[in-house]
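What follows is one structure encoded as structure tokens, with my remarks underneath.
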Amino acid sequence: MPVAMGPYGHGQAAQPSCFDRVKMGFMMGFAVGMAAGAMFGTFSCLRIGMRGRELMGGVGKTMMQSGGTFGTFMSIGMGIRC
């Protein structure tokens with residue numbers, strides 16, 4: 001009977017490598033941070049009176065900063081369990 005292949009090319013009992021866990025943690029954290037940055041960035045930029053291109057630049061900057069920060073911490077958290 002053939003052995004079912006897991007998502008990492010091994011048998012069913014294969015676990016993701018440490019690098020895969022860190023990478024997955026960063027991607028999840030980056031996505032959550034981008035969403036939070038969109039909300040908080042939009043609110044703070046509108047509050048100080050930004051409009052148009054300035055607003056889009058401010059929100060984008062906040063989204064990237066939040067995504068990078070939260071992604072870094074999530075990757076560290078996922079890497080500890082390796």
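For the reader, a short list of remarks on this structure follows.
- Screening the candidates MET74, MET78 for the property of being buried (at least 16 other Cβ atoms within 10 Å of the Cβ), at pLDDT below 95 and of a type outside the set (Ser, Thr, Tyr) yields one hit, MET78.
- Qualifying residue in the stretch 27-40 (condition: over 15 Å from the mean Cα position of the chain (by Cα) and assigned to a helix (DSSP H, G or I)): yes
- Of the residues making up the stretch 60-82, just one is in a helix (DSSP H, G or I) and either touching a Cys at 6+ places or on another chain (Cβ under 6 Å) or in contact (Cβ under 8 Å) with a residue 60 or more places away in the chain (or both), namely GLY79.
- Neighbours by Cβ (under 7 Å, 6+ apart or cross-chain): first from the stretch 36-48, without any contact (Cβ under 8 Å) to a residue 24 or more places away in the chain; second part of a helix (DSSP H, G or I): THR42/VAL59; CYS45/LEU55; CYS45/GLY58; CYS45/VAL59
- Of everything listed in (1) assigned to a helix (DSSP H, G or I); (2) in contact with a Lys or Arg (Cβ under 7 Å, 6 or more places away or on another chain); (3) among the hydrophobic types (A, V, I, L, M, F, W, C), the single unmet condition for MET56 is (2).
- Scope the stretch 28-82; condition within 25 Å of CYS18 (Cα to Cα) and hydroxyl-bearing (Ser, Thr, Tyr); matching residues: SER66, THR69, THR72, SER75
The values are calculated or read from the model by the stated rules, or taken from the named source; none is laboratory data. Quick caveat, the model's predicted, so the values are computed rather than measured. Positions of Cβ are generated from backbone atoms using ideal geometry, with glycine treated the same way; all protein chains shown enter the neighbour counts.
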